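The values are calculated or read from the model by the stated rules, or taken from the named source; none is laboratory data. These numbers were taken from a predicted model, which means no experiment stands behind them. All Cβ positions, even for glycine, are placed from backbone atoms using ideal geometry, and neighbour counts span all protein chains on display. Quick note on the areas: whole protein, heavy atoms, side chains included, nothing else; ligands and nucleic acids left out. Shrake-Rupley method; radii C 1.70, N 1.55, O 1.52, S 1.80 Å.
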Amino acid sequence: MLEASKQSPPTRRVLFVDDSRLMRYAGSKFLSGVCDLVMAENGEEAWQRLNQDPDIELIFTDLMMPVMDGNELIRTIRACPDRRIKQLPILVVTGNEESNARALALDAGATAFISKPFSADDLTGALRVHLEGEMPDARLVTHDADYPPESGLLNNVPEPEYYYLRIEQAFSFHRRQNLDLALMHVKLNNYRDLRKQHGNAWAESVMRNLRYFLHRELRQEDSLHRTSDDLYSVILMGTHKPGARYLVSRLRRALAGARVRFASQDVELSVRFGIQFPDLNSEESPARMLSAAHALFDLNGNVARIR
């Protein structure tokens, strides 16, 4: 049986699918007044509702349900010839311990995950992220200070080409001035795990917090770049080897045990560092240097060096 909220419809229509009456009650309570909420008790009812209601814009679904479970519902939606239905965001509500179930749902086409027990912030935050395009609210927690995200520093597009240009400029300047130059790389080790467990929005929010932290700790003349999904690269102007190594040591201490705190859950911040001391007279291209930086992050050690 389908249930609908009795309040006058706000602006966005959302389908909540769960065979548990308690979970449907919690979803209805937390989202009351936030969206126009429609309920379904299993995947089959949800599929019928999706075909009957063209205004549904997002789906929350459980996985373990009778008649049609969550994975079958996801696969059915992603195979639908109707593009409107096929492209709907599907947020799976599941327990943290269900790692295999998460992997299956991701393979089926799930957009992101919300952990049980969920809070009102979890659900409303997901709506802001997946319907309004906002980044999830999160805060990096270190030993000494919190580093809140700063939207002005966010750039989700990897920028290796701009990084290459800045390296060429830095090489030219440092050769003329006879100065030392170092390149530092900071890798978020669990970026892909975060995407797999919580969705792209959480992984990007962690990267944004890490960028803000680095921006706060670096000098104004240093140049910070996002050179891949999980990597920041920094051009350390006029920096000799001892200075670069000391900086890495200081940043490692500051981030030891750091976590990123979302509304109702903390996630680990797992970071490694790499340093390059390039030969300023070398003809090696910036692209090859960046490829070498990617290669230095093996499975062991906290700091790696390339000479």
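Rounded to the nearest 0.05, what FRET efficiency is calculated for Ser285 and Gln220 with R0 set to 25 Å and r the Cβ-Cβ distance? That gives a FRET efficiency of 0.35.
Inter-label distance, Met68 to Glu161: 4.4 nm, where each label sits 7 Å from its Cα along the C-beta direction.
Compared with the direct C-alpha span, the chain from Gln177 to Ser20 gains 49.6 nm at full extension, assuming 0.36 nm per residue. The largest accessible area among Ser282, Ser228 belongs to the first residue in Ser282, Ser228, and the rest follow in falling order (1.4 Å probe, all chains).
On the beta carbon distance between Arg259 and Asn200, with R0 = 25 Å, the FRET formula returns roughly 0.80. Computed from the C-beta positions of Gln48 and Ala120, the FRET efficiency with R₀ = 35 Å rounds to 0.80. With all protein chains in place and a 1.4 Å probe, the accessible surface of segment 13-132 carries 48 percent carbon and sulfur.
Only Cα sites of segment 13-132 enter the Debye sum here, all with the same form factor; the resulting log10 I(q)/I(0) across q = 0.13, 0.18, 0.22 1/Å is -0.43, -0.87, -1.39, listed in q order. Compute the signed sum of charges (Lys and Arg +1, Asp and Glu -1) over the other residues within less than 13 Å, Cβ to Cβ, of Tyr191. That works out to +3.
Normalising the Debye intensity of segment 159-296 to I(0), with uniform scatterers on Cα atoms only, and taking log10 at q = 0.15, 0.17 Å⁻¹ returns -0.74, -0.92.
Extending 7 Å from Cα along the Cβ direction at Ala295 and again at Gln169 yields two label points whose distance is 2.9 nm. Entry comment: accessible area of segment 159-296 is 45 Å² per residue, from protein heavy atoms only and a probe of 1.4 Å. Spin-label model, Asn100 to Cys80: label points 7 Å out along the Cα-to-beta-carbon direction sit 3.0 nm apart. Fully extending the segment from Leu131 to Arg250 would add 38.9 nm, taking 0.36 nm per residue of separation and subtracting the current Cα-Cα distance. Split the accessible area of segment 196-286 by element, probe 1.4 Å, and carbon with sulfur accounts for 42%. Probing with 1.4 Å while keeping every protein chain in the model, the per residue accessible area of segment 13-132 equals 44 Å². All other residues whose Cβ lies under 11 angstrom from that of Asp69 are scored, Lys and Arg at +1 and Asp and Glu at -1, for a net of -3.
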